[in-house]
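The values are calculated or read from the model by the stated rules, or taken from the named source; none is laboratory data. Owing to the predicted nature of the structure, the values given are computational and were not obtained by experimental measurement. Every residue, glycine as well, gets a Cβ built from its backbone with ideal geometry; the counts of neighbours run over all protein chains shown.
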Amino acid sequence: MNTKIIAESAKIVASRFKGCRPVCGLILGSGWTHVVDAFSIRKRISYSCLPALGKTTVAGHDGVLLWAELAGIETLIFQGRRHWYEGAGWEPAALPVYILKKLGAKILVLTNSAGGIRSDLKRGALMLIKDHINAMGVNPLCGKHDDFWGARFADQTSVYDRKLRLLMKESARKHKISLKEGVYLAVSGPTYETPAEITAFKRLGADAVGMSTVPEAMLANAAGLKTVGLSFISNAAAGLGASALDHDEVRHRGQREKEGILVLLREFWEAMAKDFIS
């Protein structure tokens, strides 16, 4: 991992967002870009201005860093993510976590669109991530150790913070929003999985599958940020549905469920302000 380019990019953010003291970070996955409508936006930076991020190459990922606020909580929103399969290395995945820690944030909220494996995770469902399986075949913490990321052998017993998960579930209950809980499995992509792979993943204990989130969660956990993750089930995983898998469907499905997602996140930010941060 090129720590020099990461540090240089973080300095650019600090210089352009003078006075920014985020409590929370939010990384928006495919189909989640509309979430910014819940926030008041102060300033923005294009990813192309940050060498460690660079221009996004996947449709539906806007590639803009937003200094935002909701319920009195300063939040850095990464409107779109960079994926390992894009071939740009680990710097684009590491930079959001690096910036958040450097600027004093304590919490990271991760979102993605995923394929449902468990039978009750139908298209349009929301899944709160309780744990993950890294089936990417790679790990962002490999290589020369940097103390910034904590201990060399990071404990992953509780990657997804229990208290934040309870707050998310309570926020959903308050508004009668159905929120399942399950295990997210990440593959490297960019191909979708085969039906045989999905059968294997189900036997491993996976409830949903995608191509992201796990690297950021591993980095955030190692760096000491409390993390919570949400998967929007945009489709049935390979072999479990009637239609072929298609990225456009993944992108647009979240937009159709926009209002419920916005209600949930507004309530969650208000709950964090009252019960977690104060």
Open item on the list: Criterion first (surrounded by fewer than 17 Cβ atoms within 10 Å (Cβ to Cβ) and either in contact with a strand residue (DSSP E or B) (Cβ under 6 Å, 6 or more places away or on another chain) or more than 18 Å from ASP146 (Cβ to Cβ) (or both)) does HIS34 satisfy it?
Closed with: yes
- [ ] Working carefully through the options SER40, SER15, find the one that is under 19 Å from ALA273 (Cβ atoms) and of a type outside the set (A, V, I, L, M, F, W, C).
- [x] SER40
- [ ] Could you run through the range 74-104 and say how many residues are more than 18 Å from the chain's Cα centre (by Cα) and at pLDDT 95 or above?
- [x] 3
- [ ] Can you confirm whether the range 39-53 contains a residue that is over 21 Å from PHE232 (Cα atoms), of a type in the set (Gly, Ala, Ser) and crowded, with 20+ Cβ neighbours inside 10 Å?
- [x] yes
Open item on the list: I need every pair where a residue in the range 163-185 that is within 14 Å of GLU267 (Cβ to Cβ) has its Cβ under 9 Å from the Cβ of a residue that is part of a helix (DSSP H, G or I) and polar (S, T, N, Q), sequence separation at least 6 or different chains.
Closed with: ILE177/SER171; LEU179/SER171
Task: Options ASP37, ASP131, ASP62: the member that is out of contact with any Pro (no Cβ under 7 Å at 6 or more places or on another chain), modelled with pLDDT under 95 and under 24 Å from GLY189 (Cβ atoms) - done: ASP62
Task: Inter-residue pairs, beta-carbon under 9 Å, first free of Cβ contacts under 8 Å to residues at least 12 places away in the same chain and in the range 101-130, second among the aliphatic types (A, V, I, L, M) and surrounded by fewer than 23 Cβ atoms within 10 Å (Cβ to Cβ), 6+ apart - done: SER119/LEU240
TODO: Would you point out the residue of the range 6-31, among those that are touching a helix residue (DSSP H, G or I) at 6+ places or on another chain (Cβ under 7 Å) and modelled with pLDDT under 95, that is surrounded by the most Cβ atoms within 10 Å (Cβ to Cβ)?
DONE: SER30
Task: Test: residue in the range 74-97 that is buried (at least 24 other Cβ atoms within 10 Å of the Cβ), out of contact with any Asp or Glu (no Cβ under 9 Å at 6 or more places or on another chain) and assigned to a helix (DSSP H, G or I) - done: yes
